[in-house]
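Chemist: Have a look at this one.
The values are calculated or read from the model by the stated rules, or taken from the named source; none is laboratory data. Remember, predicted model here, so these are calculated numbers, not experimental data. Neighbour counts run over all protein chains shown; Cβ positions are idealised from the backbone, glycine included.
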Amino acid sequence: MVQRAGHSVAVVGMGVLILLLAGCGGSGVAQSQLSVIPRVVAEPALANRLTSNLDRWVAETVAEPDVVSATLLFDMPREQLHYAGAQGLANPQTGEALTSAYPFRVASISKIFTATVVLQLVEEGYFSLDTPLSRLLDNTLLPPGYTLDDLHVINGVKSGGRITVRQLLQHTAGLRDYLADTPTVQDGNGLFAQMLSEVVSNSGRGLASRQWDGRALLAHYLSTGLGRNALAAPGRQFEYSDTHYLLLGLVVERATGQSLTSQYRARIFNRLGMAHTWHESFETGRGAIAHHFYTLSAGNYLDITATPLSMSGAWASGALVSTGDDLLRFFRALMQGELFRERATLQQMRQASAASPNYGLGLQRAVVNGREVWGHAGFWGTLMLYDPAKDAYLVMSVNQANRDMYKEATGVLTATQNAGF
């Protein structure tokens, strides 16, 4: 196997490991695209320092042995300053360079989009935040022999029908994660691990290449016993779970009578002119997807984009593809209240609780370098943040699964602070 910078890269396809001729390190990478557009040049020295510092962050990140590419957007509307940078390879097999306009899988950043649609429906009177599932869904969505109450069982007590929209949005419903958990342990060996194993062992046949929808995912959740071992009573504590957003996707479809995909498109994508964003596996793609990688073992990385792994399994919780520009367009509109009728809705979205101190209604809260920020990280090495105090937006991707993206954000925001912003 070709070795480079102390690591190797494997592409899995048709059950055969194919060696990447281009390594994952930063040396010898394709051209980068880096630019700062200072629309107000009152202090050009600040813009120059910002350019230099963020250029350095992108280059140093791509130089790391497990990173193939990186995209970074930093935007300060108040200062009328915008930085867009990208470096590395969008496709190591062809040598195609990444640009800041290249689409990538955003993973759990998708949850903000799902939450936005749900909150729009709340404003329109379809249901309230405290409406229970018993009034929104019914047993016809479930496999034979199951009821809504079977969604949540703890110590023999069934509570599925009492779970509320608010609890789902805030991850306080106590449900196990259908993508990550096994029935009795939060061990990362759930559906996604099974799909990944099939990609490596049998060319992705079976679960890995299956076209999932909301009902099929819910049937998987129940039939595997995940519902029989809830993590906590509804409303009691924060437990991050893709199952919460799976149920929200079903709520959207049942309330509107239309697909979740159509709701994303009509309410957000088309409304904002997000021409390079789509719901992967559920509508036609709008461009090539930047390759991203998953660590199989030390120094051995699986090129996920080159495999038959279906993203439909992440349906309402993580199946969107977008670009940095489109994500920035969306997040600016959201944080400015343009997607809601009432300003109070955005305030609720950014309101944590005793049970969930660092997660509002679809938005993660974090303190980075002493600054409170709101946004969301994604499994494929993605992050989107807003700093209210600075009116600053950050969108980034390193296209490597399981990265600590808040650590990456710390580096970026340190670079901006050192530049004087």
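Chemist: Working carefully through the options 95, 145, find the one that is out of contact with any Leu (no Cβ under 8 Å at 6 or more places or on another chain) and among the small types (Gly, Ala, Ser). Reasoning before the result, please.
Modeler: On the way: 95 fails: out of contact with any Leu (no Cβ under 8 Å at 6 or more places or on another chain).
None of the others qualify; the one that does is 145.
Chemist: Test residue 6 against the stated conditions and say whether it is out of contact with any Asp or Glu (no Cβ under 9 Å at 6 or more places or on another chain), at pLDDT below 50, surrounded by 17 or more Cβ atoms within 10 Å (Cβ to Cβ) and more than 30 Å from residue 341 (Cβ to Cβ).
Modeler: Numbers: out of contact with any Asp or Glu (no Cβ under 9 Å at 6 or more places or on another chain): yes; at pLDDT below 50: yes; surrounded by 17 or more Cβ atoms within 10 Å (Cβ to Cβ): no; more than 30 Å from residue 341 (Cβ to Cβ): yes.
Judged against the criteria, residue 6 is not a match.
Chemist: Does the range 139-162 contain any residue that is assigned to a loop (DSSP other than H, G, I, E, B), of a type in the set (A, V, I, L, M, F, W, C) and more than 26 Å from the chain's Cα centre (by Cα)?
Modeler: At the first step, the residues of the range 139-162 found to be assigned to a loop (DSSP other than H, G, I, E, B) are 142-147, 152, 155-156, 159.
Still in the running and of a type in the set (A, V, I, L, M, F, W, C): 142.
Next, from what is left, pick out any that are more than 26 Å from the chain's Cα centre (by Cα): 142.
The answer is yes, given that some residue of the range 139-162 is assigned to a loop (DSSP other than H, G, I, E, B), of a type in the set (A, V, I, L, M, F, W, C) and more than 26 Å from the chain's Cα centre (by Cα).
Chemist: Among the numbered criteria (1) part of a strand (DSSP E or B); (2) on the phi < 0 side of the Ramachandran plot, which one does residue 88 miss?
Modeler: Result: residue 88 fails condition (2) only.
Chemist: Give the number of residues within the range 55-81 that are under 23 Å from the mean Cα position of the chain (by Cα) and either without any contact (Cβ under 8 Å) to a residue 60 or more places away in the chain or not in a strand (DSSP E or B) (or both). Can you show your working first?
Modeler: Initial filter on the range 55-81 (under 23 Å from the mean Cα position of the chain (by Cα)): 57-58, 61-62, 64, 66-76.
With either without any contact (Cβ under 8 Å) to a residue 60 or more places away in the chain or not in a strand (DSSP E or B) (or both) added as a condition, the list becomes 57-58, 61-62, 64, 66-68.
Matching residues across the range 55-81 total 8.
Chemist: Please pick out the residue among 225, 190 that is of a type outside the set (Phe, Trp, Tyr) and touching a strand residue (DSSP E or B) at 6+ places or on another chain (Cβ under 8 Å). Reasoning before the result, please.
Modeler: Numbers: 225 fails: touching a strand residue (DSSP E or B) at 6+ places or on another chain (Cβ under 8 Å).
Of the residues listed, the single one that is of a type outside the set (Phe, Trp, Tyr) and touching a strand residue (DSSP E or B) at 6+ places or on another chain (Cβ under 8 Å) is 190.
Chemist: Now, a different point. Mind checking whether some residue in the range 226-236 is in a loop (DSSP other than H, G, I, E, B), of a type in the set (D, E, K, R) and under 21 Å from the mean Cα position of the chain (by Cα)? Break it down stepwise before answering.
Modeler: First, pick out the residues of the range 226-236 that are in a loop (DSSP other than H, G, I, E, B): 229-236.
So of that shortlist, the ones also of a type in the set (D, E, K, R) come out as 236.
Still in the list and also under 21 Å from the mean Cα position of the chain (by Cα): none.
Checked against the condition, which is being in a loop (DSSP other than H, G, I, E, B), of a type in the set (D, E, K, R) and under 21 Å from the mean Cα position of the chain (by Cα), the range 226-236 yields no hits at all.
Chemist: Given the options 267, 254, 228, 286, name the one that is surrounded by fewer than 22 Cβ atoms within 10 Å (Cβ to Cβ) and within 21 Å of residue 131 (Cα to Cα).
Modeler: Details: 267 fails: within 21 Å of residue 131 (Cα to Cα); 228 fails: within 21 Å of residue 131 (Cα to Cα); 286 fails: within 21 Å of residue 131 (Cα to Cα).
Checking each option against the conditions leaves just 254.
Chemist: Now for a different question. State all residues of the range 335-382 that are assigned to a strand (DSSP E or B) and basic (Lys, Arg); if no residue qualifies, say none. Working first, answer last.
Modeler: First pass over the range 335-382, keeping only residues assigned to a strand (DSSP E or B): 359, 364-368, 371-378, 382.
Scanning the range 335-382 gives 365, 371.
Chemist: Quick check, is residue 310 touching a residue at least 24 places away in the same chain (Cβ under 8 Å), under 18 Å from the mean Cα position of the chain (by Cα) and surrounded by fewer than 22 Cβ atoms within 10 Å (Cβ to Cβ)?
Modeler: Numbers: touching a residue at least 24 places away in the same chain (Cβ under 8 Å): yes; under 18 Å from the mean Cα position of the chain (by Cα): yes; surrounded by fewer than 22 Cβ atoms within 10 Å (Cβ to Cβ): yes.
Yes: the conditions hold for residue 310.
For (1) of a type outside the set (Phe, Trp, Tyr); (2) touching a residue at least 60 places away in the same chain (Cβ under 8 Å); (3) closer than 30 Å to residue 227 by Cβ, each residue gets a yes or a no:
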| position | (1), (2), (3) |
| --- | --- |
| 240 | no, yes, yes |
| 243 | yes, yes, yes |
| 246 | yes, yes, yes |
| 251 | yes, yes, yes |
| 269 | no, no, no |
| 299 | yes, yes, no |
| 314 | yes, yes, yes |
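Chemist: Among the residues of the range 390-412, count how many are part of a helix (DSSP H, G or I) and more than 25 Å from residue 103 (Cβ to Cβ). Working first, answer last.
Modeler: Step one: list which residues in the range 390-412 are part of a helix (DSSP H, G or I), which gives 405-412.
Add one more test, that the residue is more than 25 Å from residue 103 (Cβ to Cβ), and what stays is 410.
Total satisfying the criteria: 1.
Chemist: So for the range 181-196 (the condition being on the phi < 0 side of the Ramachandran plot, free of Cβ contacts under 8 Å to residues at least 40 places away in the same chain and among the hydrophobic types (A, V, I, L, M, F, W, C)), does at least one residue qualify?
Modeler: Scanning the range 181-196 turns up at least one residue that is on the phi < 0 side of the Ramachandran plot, free of Cβ contacts under 8 Å to residues at least 40 places away in the same chain and among the hydrophobic types (A, V, I, L, M, F, W, C).
Chemist: Still on this model: Condition first: free of Cβ contacts under 8 Å to residues at least 60 places away in the same chain and either of a type outside the set (Ser, Thr, Tyr) or surrounded by 18 or more Cβ atoms within 10 Å (Cβ to Cβ) (or both). Now tell me which residues in the range 144-156 satisfy that. Give the steps one after another, and end with the answer.
Modeler: Start the filter on the range 144-156 by keeping residues that are free of Cβ contacts under 8 Å to residues at least 60 places away in the same chain, which leaves 144-145, 147-149, 155-156.
Listed by number, the residues that qualify are 144, 145, 148, 149, 155, 156.
Chemist: State the number of residues belonging to the range 289-307 that are part of a strand (DSSP E or B), of a type outside the set (Asp, Glu), more than 16 Å from the chain's Cα centre (by Cα) and buried (at least 20 other Cβ atoms within 10 Å of the Cβ).
Modeler: Here is the first cut: in the range 289-307, the residues part of a strand (DSSP E or B) are 293-297, 300-303.
From what is left, the residues that are of a type outside the set (Asp, Glu) are 293-297, 300-302.
With the extra rule that they be more than 16 Å from the chain's Cα centre (by Cα), the set shrinks to 295-297, 300-302.
From what's left, buried (at least 20 other Cβ atoms within 10 Å of the Cβ): 301-302.
Residues meeting the conditions: 2.
Residues checked against (1) within 20 Å of the chain's Cα centre (by Cα); (2) on the phi < 0 side of the Ramachandran plot:
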residue	(1), (2)
326	yes, yes
331	yes, yes
342	no, yes
376	yes, yes
391	no, no
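Chemist: Taking the range 104-138 as the search range and keeping residues that are of a type in the set (S, T, N, Q) and part of a helix (DSSP H, G or I), which one is nearest to the chain's Cα centre (by Cα)?
Modeler: The initial filter retains those residues of the range 104-138 that are of a type in the set (S, T, N, Q), namely 108, 110, 114, 116, 120, 128, 131, 134.
Adding the requirement that they be part of a helix (DSSP H, G or I) leaves 108, 110, 114, 116, 120, 134.
On the way: 108: 2, 110: 5, 114: 11, 116: 14, 120: 20, 134: 28 Å.
In this case the residue turns out to be 108.
Chemist: When you check residue 101 against the structure, is it under 26 Å from the mean Cα position of the chain (by Cα), over 19 Å from residue 408 (Cα atoms) and either at pLDDT below 95 or in a loop (DSSP other than H, G, I, E, B) (or both), yes or no? Working first, answer last.
Modeler: On the way: under 26 Å from the mean Cα position of the chain (by Cα): yes; over 19 Å from residue 408 (Cα atoms): yes; either at pLDDT below 95 or in a loop (DSSP other than H, G, I, E, B) (or both): yes.
Spelling it out, residue 101 is indeed under 26 Å from the mean Cα position of the chain (by Cα), over 19 Å from residue 408 (Cα atoms) and either at pLDDT below 95 or in a loop (DSSP other than H, G, I, E, B) (or both).
Chemist: Then there is this: Somewhere in the range 199-211, is a residue touching a helix residue (DSSP H, G or I) at 6+ places or on another chain (Cβ under 9 Å), surrounded by fewer than 15 Cβ atoms within 10 Å (Cβ to Cβ) and within 18 Å of residue 319 (Cβ to Cβ)? Before the answer, list the steps.
Modeler: Going through the range 199-211, the residues touching a helix residue (DSSP H, G or I) at 6+ places or on another chain (Cβ under 9 Å) turn out to be 199, 202-211.
Adding the requirement that they be surrounded by fewer than 15 Cβ atoms within 10 Å (Cβ to Cβ) leaves 202, 205-206, 211.
Add one more test, that the residue is within 18 Å of residue 319 (Cβ to Cβ), and what stays is 211.
Yes, the range 199-211 contains at least one residue that is touching a helix residue (DSSP H, G or I) at 6+ places or on another chain (Cβ under 9 Å), surrounded by fewer than 15 Cβ atoms within 10 Å (Cβ to Cβ) and within 18 Å of residue 319 (Cβ to Cβ).
Chemist: For residues in the range 346-374 being surrounded by 19 or more Cβ atoms within 10 Å (Cβ to Cβ) and among the hydroxyl-bearing types (Ser, Thr, Tyr), which is farthest from residue 263 (Cα to Cα)?
Modeler: Here the answer is 356.
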